[in-house]
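Report on one structure; see the data block that follows.
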Amino acid sequence: MEKIPILRMGQFLLVTIQIDLYDRLALNLEADLVQMVSKTGARGVLIDISVVSIVDSFMGRIIGNIANMSKIMDAETVVVGMQPAVAITLIELGLPLTGVHTALDVERGMELLRKKILVDGEEQDADGEYAYDSAE
Amino acid sequence: MHKFLFMKLETAKMLQKKKKQIIDLWMKNQLADSALREDLMSNDDLRAQSEELVDALLKKLTDDNLSNVDSADFEDIYEILGGVSITRARQGFSPRETGLYIYSLKDALLTILQQEFKNDPVQLYDISMKVSKLIDSFGIVTFETYIKGREEVILRQTDEITEISTPVIRVWDGILALPIIGTLDSARTQVVMENLLQEIVNTGSSIAILDISGVPAVDSLVAQHLIKTVSATRLMGAECIISGIRPEIAQTVVHLGIDLSNVVTKATLASALKYAYSILQLEVRKKQTTLVKSN
């Protein structure tokens, strides 16, 4: 059984989808990710889909679900590197993924997550200076 | 009966013998027409074109196929005619000029036949009808290919317009602008959207400005397309600003009840650019020292 690895990077979880997702795999990812969020207390989830070239409505819904579930568990989700064809397909399917943050690539996604958590988080003053520098 | 057949056999041969005369007469007919376009085609070219057709026609013409316009013998001629009328369509000849080209051949042929058969009205009538029918069928082919040629020209222009009219401009590092000129329909939106998204990937830009000051009218469908483009851009991880919203367009959008509240809209491209700069934390300033010196 194939499994999509979920990597932990400090406060964030990093998921890179390197193969075309089929339904079973997507469902497993959803379950694993929620488990991981709860286990690690992660504040952000970054999903890299830059090599995914095919999506269907099910995939779109799973991504939306993951974002909503993480949100309830106080973690932001950022989807990065979506291909033009995938974006057009999702829009045509009527899935604008409103609850999901997006970024062009992993670097900008990480930056966005850091900013989000600083804005929402309590340790804003302590770490604010540092995050701002690294963003530049 | 035998004599009649013999006479008929003569017709094709007779015409072949009179080839020079036919061509001269045809050319005379064509040159006599006031609508002759010497600017599009020189008389020598016209003569060469006409000779080629008469040559091919007389070579293939027998008394058997004269009465059968669908005969396979005429395929070459249809091909030549097709080539001639497509070139004429591309060169900008009018339908009338193209029609006169082929129908003046009929006049030439009928004149020759009249001279030849002036003592035999029955025969003349019979042959004239057949020649008439044959040239009419050529005429139909000519028009068909002429219109096909014109349609090709129109199709090519449509493609070109779609291609040209959707340039994605890189106005700043990380900022793309896409001025839309002309009405947005589904097919064009698709091209616009694909170009824009591809360019976002290629340049890694995080802001795209969609300028619609060149769009004459916005209806609910166009607005739908715009919203789709904005959402797709957002999914890619970039932000999309719509600029160039004229007062009339703002009126229509509100009257149609279209919700653009999730979309950043600006009145001019300049203000959209300013907004983009503020997102990227850039600022534009006057270079003060040099200004003082030059004044």
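Restricting attention to the range B:196-248, the residues that are over 14 Å from B:Leu260 (Cα atoms) and either part of a helix (DSSP H, G or I) or facing chain A (nearest Cβ under 10 Å) (or both) total 21.
Does B:Val218 qualify as being modelled with pLDDT under 90, assigned by TED's automatic domain parsing to the domain that holds B:Gly182 and surrounded by 23 or more Cβ atoms within 10 Å (Cβ to Cβ)? So B:Val218 passes the test.
The numbered conditions (1) over 21 Å from B:Thr166 (Cα atoms); (2) within 14 Å of chain A (Cβ to nearest Cβ); (3) touching a residue at least 24 places away in the same chain (Cβ under 8 Å) are all true for B:Ser261 except (3). When A:Met69, A:Met73 are screened for being over 23 Å from B:Met193 (Cβ atoms), touching a helix residue (DSSP H, G or I) at 6+ places or on another chain (Cβ under 6 Å) and loosely packed, with under 15 Cβ neighbours inside 10 Å, only A:Met73 passes.
Suppose the filter is more than 23 Å from B:Thr11 (Cα to Cα), in the same structural domain as B:Lys133 (by TED's automatic domain parsing) and aliphatic (A, V, I, L, M); does B:Ala56 pass it? Considered against the rule, which asks whether it is more than 23 Å from B:Thr11 (Cα to Cα), in the same structural domain as B:Lys133 (by TED's automatic domain parsing) and aliphatic (A, V, I, L, M), B:Ala56 comes out as no.
B:Arg170 falls short on exactly one of the conditions (1) loosely packed, with under 15 Cβ neighbours inside 10 Å; (2) in a helix (DSSP H, G or I), and that condition is (2).
Inside the range B:181-195, residues that are away from chain A (no Cβ under 12 Å) and either among the acidic types (Asp, Glu) or in a loop (DSSP other than H, G, I, E, B) (or both) make up a count of 4. Within the range A:62-94, if we keep just the residues that are at the interface with another protein chain (Cβ under 9 Å from one of its Cβ atoms) and part of a loop (DSSP other than H, G, I, E, B), the residue that is farthest from B:Val230 (Cα to Cα) turns out to be A:Gly81.
Residues checked against (1) part of a helix (DSSP H, G or I); (2) of a type in the set (Ser, Thr, Tyr); (3) assigned by TED's automatic domain parsing to the domain that holds B:Glu152; (4) more than 28 Å from the chain's Cα centre (by Cα):
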site	(1), (2), (3), (4)
B:Lys28	yes, no, yes, yes
B:Glu51	yes, no, yes, yes
B:Val69	no, no, yes, yes
B:Ile86	yes, no, yes, no
B:Lys106	yes, no, yes, yes
B:Met129	yes, no, yes, yes
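Inclusion of B:Arg188 among residues that are basic (Lys, Arg) and buried (at least 21 other Cβ atoms within 10 Å of the Cβ) is not warranted.
Scanning the range A:34-61 for residues that are surrounded by fewer than 22 Cβ atoms within 10 Å (Cβ to Cβ), within 25 Å of B:Leu197 (Cβ to Cβ) and either within 12 Å of chain B (Cβ to nearest Cβ) or polar (S, T, N, Q) (or both) returns A:Asp48, A:Ile49, A:Ser50, A:Ser53, A:Ser57, A:Gly60.
Identify the single condition in (1) more than 13 Å from every other protein chain (Cβ to nearest Cβ); (2) of a type in the set (Lys, Arg); (3) closer than 30 Å to A:Val100 by Cβ that B:Lys148 does not satisfy, given that it satisfies every other one. With (1) more than 13 Å from every other protein chain (Cβ to nearest Cβ); (2) of a type in the set (Lys, Arg); (3) closer than 30 Å to A:Val100 by Cβ applied to B:Lys148, the lone miss is (3). Applying the condition of being more than 7 Å from chain B (Cβ to nearest Cβ) and among the β-branched types (Val, Ile, Thr) to the range A:95-112 and asking which residue is farthest from B:Cys240 (Cα to Cα) yields A:Val106.
The residue that is farthest from B:Trp26 (Cα to Cα), among those in the range B:88-104 that are part of a helix (DSSP H, G or I) and among the small types (Gly, Ala, Ser), is B:Ala89. Just so you know, in the range A:95-119 the residues that are aliphatic (A, V, I, L, M) and part of a loop (DSSP other than H, G, I, E, B) include one that is modelled with the highest pLDDT, and it is A:Leu104.
The values are calculated or read from the model by the stated rules, or taken from the named source; none is laboratory data. Note that this is a predicted model, so its numbers are computed, not measured. Neighbour counts are summed over all protein chains in view; Cβ atoms, including those assigned to glycine, are modelled from backbone coordinates with ideal geometry.
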